[in-house]
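The values are calculated or read from the model by the stated rules, or taken from the named source; none is laboratory data. The structure displayed is predicted, hence computed values, not measured ones. Cβ coordinates were reconstructed from backbone atoms using ideal geometry, including for glycine residues, and neighbour counts include every protein chain displayed. To get the accessible areas, we keep the full protein, side chains included, count just its heavy atoms, and leave off ligands, DNA and RNA. Shrake-Rupley method; radii C 1.70, N 1.55, O 1.52, S 1.80 Å.
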Amino acid sequence: MKKNLTISVLMTIVTTILLGIVYPLVVTGLAQVLFKDKANGQLIVQNGKVVGSRIIGQAFTGAAYFHSRPSSAGNGYDAANSSPSNLGPTNQHLIDRVKADVATNHVDHPQQSVPVDLVTTSGSGLDPHITPAAAEFQLERIARERGTKVDNLRRLVLKHTEGRQLGFLGEARVNVLELNLELDQQFPLKKQAEAK
C-alpha cells in the first residue's frame, strides 16, 4: 500500500512538472521562434506604437473610415469578453438594434439593401473583417469625406481583399484595420493634410 501511494505521488509530481511546466515552455518557445508574429497576437505597429491586431476587430465610427461589423463582446470589441450576443431572431432587443443599424446605414444609401455583416455581430464579437460587399457599400461616403474618387477606393479595397482560405474555406473578406490604415496613408483627411 505504501509503495503504491509513493508511486502515485511521484507520478503526480513528474506529470505535473512535465505537462504543466516543461511542455508549455517548449511549445511557447517553439511558437516564439517559428511563429513570432502569430504567437504575439499579430500586432500592427506604426511609428513604434501598437495600433491594433490583425485578428481582433475594433470599432471605427468616423464617416471617413470603413466601419467594422457591430460587436457584442463586452462594450464592443472587448477581447476579455469575447462572445456572441446569444439573442435569438425573435428577441426584441436584437430586432431593435438591427433596425437602428439599418436606419443608420440607410442615411447615405436610402435605396440600397444593407450588407448583413454591417448590422449583425459575429460569433466571437471580435471579427476584424467585413465582406467586400460591405466595403463596397461604404465607398461613396468615404470618397466624399476623403475628397477622392470611388474608383480609387475600390482599388484599395480590392488590394486588401483576401480570398477563401485554401481556395474553398470561408468567404472573401477585407481586414478593416489594415484597410483604414492604408486609407489614411493614401488619402489623408483634409485636416491631417493641412497639419502636415
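For region 59-67, the criterion of being modelled with pLDDT under 90 and small (Gly, Ala, Ser) is met by at least one residue. Taking Thr90, is it part of a loop (DSSP other than H, G, I, E, B) and at pLDDT 90 or above? So Thr90 fits the description; yes.
Every listed requirement among (1) part of a loop (DSSP other than H, G, I, E, B); (2) over 23 Å from the mean Cα position of the chain (by Cα); (3) touching a residue at least 12 places away in the same chain (Cβ under 8 Å) is met by Glu145 save one, (1). Per the listing Ala103, Ala133, the residue uniquely farther than 15 Å from Pro84 by Cα, among the aliphatic types (A, V, I, L, M) and free of Cβ contacts under 8 Å to residues at least 12 places away in the same chain is Ala103. For region 125-132, does any single residue satisfy the condition of being more than 14 Å from the chain's Cα centre (by Cα), at negative phi and of a type outside the set (A, V, I, L, M)? Yes, some residue in region 125-132 is more than 14 Å from the chain's Cα centre (by Cα), at negative phi and of a type outside the set (A, V, I, L, M). Among the residues making up region 157-185, a single one is part of a loop (DSSP other than H, G, I, E, B) and surrounded by 14 or more Cβ atoms within 10 Å (Cβ to Cβ): His160. Confirm whether Ser71 is touching a residue at least 40 places away in the same chain (Cβ under 8 Å), out of contact with any helix residue (DSSP H, G or I) (no Cβ under 8 Å at 6 or more places or on another chain) and open to solvent by less than 60 Å² (accessible area, probe 1.4 Å). Yes; evaluated as a whole, the condition is true for this residue.
The residues of region 93-118 that are part of a loop (DSSP other than H, G, I, E, B) and more than 24 Å from Leu179 (Cβ to Cβ), listed by number, are Pro110, Gln111. Listed by first and then second residue, the pairs with beta-carbon distance under 7 Å, at least 6 apart or on different chains, first residue in region 19-44 and under 24 Å from Glu178 (Cα atoms) and open to solvent by less than 50 Å² (accessible area, probe 1.4 Å), second at pLDDT below 90 and hydroxyl-bearing (Ser, Thr, Tyr), are Gly41/Ser53; Gln42/Ser53; Ile44/Ser53.
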